[in-house]
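Below: the structure, in structure tokens.
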Amino acid sequence: MNEAIYKQRRDQLIAMMDDGVAVLSTARLQTRSNDTEYPFRPNSDFYYLTGFTEDNTVLLLSKKEGEEKTVLFVQEKVPEMELWTGKRLGVDAAKACFSVDEIFSIAEYEAQLKELLKEQSLIYFDLFSDDVVYTDLKAAAKTMMHTRGVARSPRTFSDITKLTQQMRLIKSDEEIALIREALAITGKAHHHAMKASHPEQMEYQLQAEYEYIFKKEGAYSDAYTTIIAGGNNANTLHYITNDHALKEGDLVLVDAGCEYGFYASDITRTYPVSGTFSPEQKELYNMVLDVQLKIIDAIKPQGSKKELQRLSERLLTEGMVELGILEGDVASLIEEKKHKQYYPHGIGHWLGIDVHDPCPYSDENGDEILFAEGMVLTIEPGIYLPADDENIPEKYRGIGIRIEDDIVVTKEGYENLSKGIAKTVDEIETACC
Ligand code: GLY
Ligand code: MN
Ligand code: MN
């Protein structure tokens, strides 16, 4: 994406703000152990507004009585350090890259902040971040309050993410193209791994097959820690230890998606370790698949996630009654929340720069946000049948199945962005061999 897009986003954010100063930052490097650091990944909002990927950087937007100003603080270029730490953009080069009013060294942030906060009474910042620049922000506000001759000092703090998350809800064509690219790589990884899986393979070895393709194909990394859950491990929803051996005859549930161009993909496939579904696995799998297809098909503008949630609960409960996993009347089972024992999670979530893109699900009045063109969400029904649950037919115990795709709402309905990834029993069995 080019600078014009980021500038347009900054302008949009300023237009949404009341008079005040907004501060958004991206973190400093974090120590992993001793003198080694975690790989750096920019803060999602900061990246959305700048496209800049260096650490320890601050964006400041100010608005007062019709005057607007955008300031960026970046790390200085230190040529003697470049041999060790690689190149940085630096203040001078940054001036040629960003359409902002001023660029300073991050070393000047504290001093400049006091200038920029003068006669401002409202500060926007990321309420949920622990970033150290926000401590400086409070200190600067306090100093202003105690400075003689200053008529107005910041006394109101507001969460900037409320505005950025609203902006991030509708994805542009450029953003959807990045999600498509992430999904192309994720699809390759699932297909590669379906072929590579075999009994006695360790779950982490199958994970390595995914990570190999992610990196080989130019993804930044996984978008979240890959879940490789063989057999009954699939019944632990956030199973990420991935340290058991896969067994002949078991299914493996894999929730794996890469991040490409800082956009996430999020795909779950459940497939037989040795390439062929058993009859009972096929029954369960086809039930979940049928539900997933019906839910995807119900996506349309003006539709809602709550509606899809209710539909998924009804259809999965019907399926579980038909297969003898639950007994009784579907409406009463749902009323008594009996289905939640085997389908305990939501039908999906927004997807974007973050895998769980933190965009709103309801508006200011608490009313649900209805689907509109450009929203991207996952659809991921699943059933989880623990090995030690004696209430379910023995043949189904120890099986967990989830099927997850990534969908964009279109003007007419929807497009399944991950439709190319093997999903029917036949497609999976073909992909496995
Ligand atoms: N991979 C995380 C999720 O499906 O929500
Ligand atoms: Mn998901
Ligand atoms: Mn997932």
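The values are calculated or read from the model by the stated rules, or taken from the named source; none is laboratory data. Predicted model only: the values in this text are computed from it and were never measured. We place every Cβ from the backbone using ideal geometry, glycine too, and count neighbours over all the protein chains shown. Ligands, DNA and RNA are stripped out before the accessible areas are found, and what is left, the full protein with its side chains, is counted by its heavy atoms. Shrake-Rupley method; radii C 1.70, N 1.55, O 1.52, S 1.80 Å.
Assorted remarks:
- Checking Ile170, Ile179, Ile185 one by one, the residue that is aliphatic (A, V, I, L, M), at pLDDT 95 or above, within 30 Å of Asp18 (Cα to Cα) and within 19 Å of the chain's Cα centre (by Cα) is Ile170 and no other.
- Where a residue in region 372-400 is within 22 Å of Ile353 (Cα to Cα) and its partner, wherever it lies, is open to solvent by 30 Å² or more (accessible area, probe 1.4 Å) and within 16 Å of ligand 1 (Cβ to nearest atom), with Cβ under 8 Å and at least six apart: Leu377/Lys305; Glu380/His345
- Meets criteria (part of a helix (DSSP H, G or I) and among the hydrophobic types (A, V, I, L, M, F, W, C)) for Ile228: no
- Some residue of region 220-236 being more than 27 Å from Pro386 (Cβ to Cβ) and more than 16 Å from ligand 2 (Cβ to nearest atom): yes
- Phe371 meets the conditions (1) surrounded by 14 or more Cβ atoms within 10 Å (Cβ to Cβ); (2) within 16 Å of ligand 1 (Cβ to nearest atom); (3) closer than 30 Å to Lys162 by Cα in every case but one. The failed one is (2).
- Region 1-15 - residue that is hydrophobic (A, V, I, L, M, F, W, C) and under 24 Å from Ile179 (Cβ atoms) and, of those, modelled with the lowest pLDDT: Met1
- Number of the condition not met by Asp406 [criteria: (1) open to solvent by less than 20 Å² (accessible area, probe 1.4 Å); (2) over 20 Å from Ile299 (Cα atoms); (3) outside any loop (DSSP other than H, G, I, E, B)]: (2)
- If the condition is being β-branched (Val, Ile, Thr) and within 12 Å of ligand 1 (Cβ to nearest atom), then region 251-295 contributes Val254, Ile267, Thr268.
- Restricting attention to region 37-84, the residues that are on the phi > 0 side of the Ramachandran plot and in contact (Cβ under 8 Å) with a residue 40 or more places away in the chain total 3.
- Some residue of region 262-279 being open to solvent by 10 Å² or more (accessible area, probe 1.4 Å), touching a residue at least 24 places away in the same chain (Cβ under 8 Å), within 24 Å of Tyr396 (Cβ to Cβ) and touching a Gly at 6+ places or on another chain (Cβ under 8 Å): yes
- Scanning region 195-225 for residues that are β-branched (Val, Ile, Thr) and assigned to a loop (DSSP other than H, G, I, E, B) turns up just one, Thr225.
- Just one of (1) of a type in the set (Ser, Thr, Tyr); (2) assigned to a loop (DSSP other than H, G, I, E, B); (3) open to solvent by 30 Å² or more (accessible area, probe 1.4 Å) fails for Ser332. It is (2).
- The set of residues from region 104-146 being open to solvent by less than 60 Å² (accessible area, probe 1.4 Å), in a loop (DSSP other than H, G, I, E, B) and not aliphatic (A, V, I, L, M) comprises Glu119, Gln120, Ser121, Asp126, Ser129, Asp131.
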